[in-house]
Amino acid sequence: MSQSEPLPHPHTPSAWVERFLGQIPKRSRLLDVACGAGRHTRLFLDKGHSVTAIDRDLSRIVDIRSDRLVRIEADLETGASWPLAGEDFAGVIVTNYLFRPILQNLVSSVASAGMLIYETFAEGNEKFGRPMNPDFLLKPGELLNLVHKTLRVIAYEDTVMLHPKPAQIQRIAALRVPAPG
């Protein structure tokens with residue numbers, strides 16, 4: 001992106017998410033973890049998917065009206081059990097959020113032939129600003145280790161992004177290969 005091009009709007013969906021969303025079958029059931037203002041929830045609904053949006057505060061998506069939207073207000077960091085135990089989704093999408101105790105739950109929530117699309121800050125981001133706390137920064141290769149022997153990696157990056165602001169990020173798109181037979 002050149003300096004003269006406008007920067008993406010903060011509510012613009014992640015290019016990483018958009019890149020891999022097309023690999024999820026149409027009209028699938030998706031999970032938007034830590035959905036925030038709903039930039040991805042809105043995208044998924046616009047593409048015809050059903051969405052379960054989960055966040056500790058859903059006030060920023062109250063304007064979304066859809067019979068294909070399930071809202072779950074839950075603080076995933078309280079130590080309570082995973083609120084979606086036993087459920088699976090064709091797509092599990094997480095951006096700009098990390099809480100290590102639920103990482104295995106996220107992988108377990110990916111249905112057969114489903115995809116995990118994950119993008120968040122990584123170690124090295126401290127030099128650019130927040131987050132700086134190591135609890136909120138992925139370690140080198142952490143997403144690869146998370147899906148190892150469980151999901152097939154389609155794409156992975158651990159890189160410095162310059163736009164919309166400089167950040168060290170790690171991201172992965174990984175597929176649960178259907179069991180044979």
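Bear in mind these aren't lab numbers, they're just calculated from the coordinates by the rules spelled out. Not measured: the values here are computed from a predicted model. Using ideal geometry, Cβ is built from the backbone for each residue, glycine included, and neighbour counts are taken over all protein chains shown.
Selection within segment 126-159: residues that are surrounded by 14 or more Cβ atoms within 10 Å (Cβ to Cβ) and β-branched (Val, Ile, Thr). The member of this set that is nearest to SER14 (Cα to Cα) is ILE154. In this structure, does ARG42 turn out to be in contact with a His (Cβ under 9 Å, 6 or more places away or on another chain) and either in a loop (DSSP other than H, G, I, E, B) or under 24 Å from ARG171 (Cα atoms) (or both)? Here the answer is yes, as ARG42 does meet what is asked. Beta carbons closer than 9 Å, at least 6 apart along the sequence or on distinct chains, pair a first residue in segment 46-75 that is on the phi > 0 side of the Ramachandran plot with a second that is surrounded by 17 or more Cβ atoms within 10 Å (Cβ to Cβ) for GLY48/SER28.
Take the residues in segment 63-78 that are aliphatic (A, V, I, L, M) and in contact with a Ser or Thr (Cβ under 8 Å, 6 or more places away or on another chain); name whichever of them is surrounded by the most Cβ atoms within 10 Å (Cβ to Cβ). Selected residue: LEU69.
Take residues that are hydroxyl-bearing (Ser, Thr, Tyr) and more than 17 Å from the chain's Cα centre (by Cα) and tell me which of the strands (runs of 3 or more DSSP E) falling wholly in segment 58-157 contain 1 or more.
Qualifying strands (runs of 3 or more DSSP E): 110-121.
For segment 84-101, which residues satisfy the criterion of being closer than 21 Å to ASP135 by Cβ and without any contact (Cβ under 8 Å) to a residue 60 or more places away in the chain? If the condition is that a residue be closer than 21 Å to ASP135 by Cβ and without any contact (Cβ under 8 Å) to a residue 60 or more places away in the chain, then LEU98, PHE99, ARG100, PRO101 are the ones that fit.
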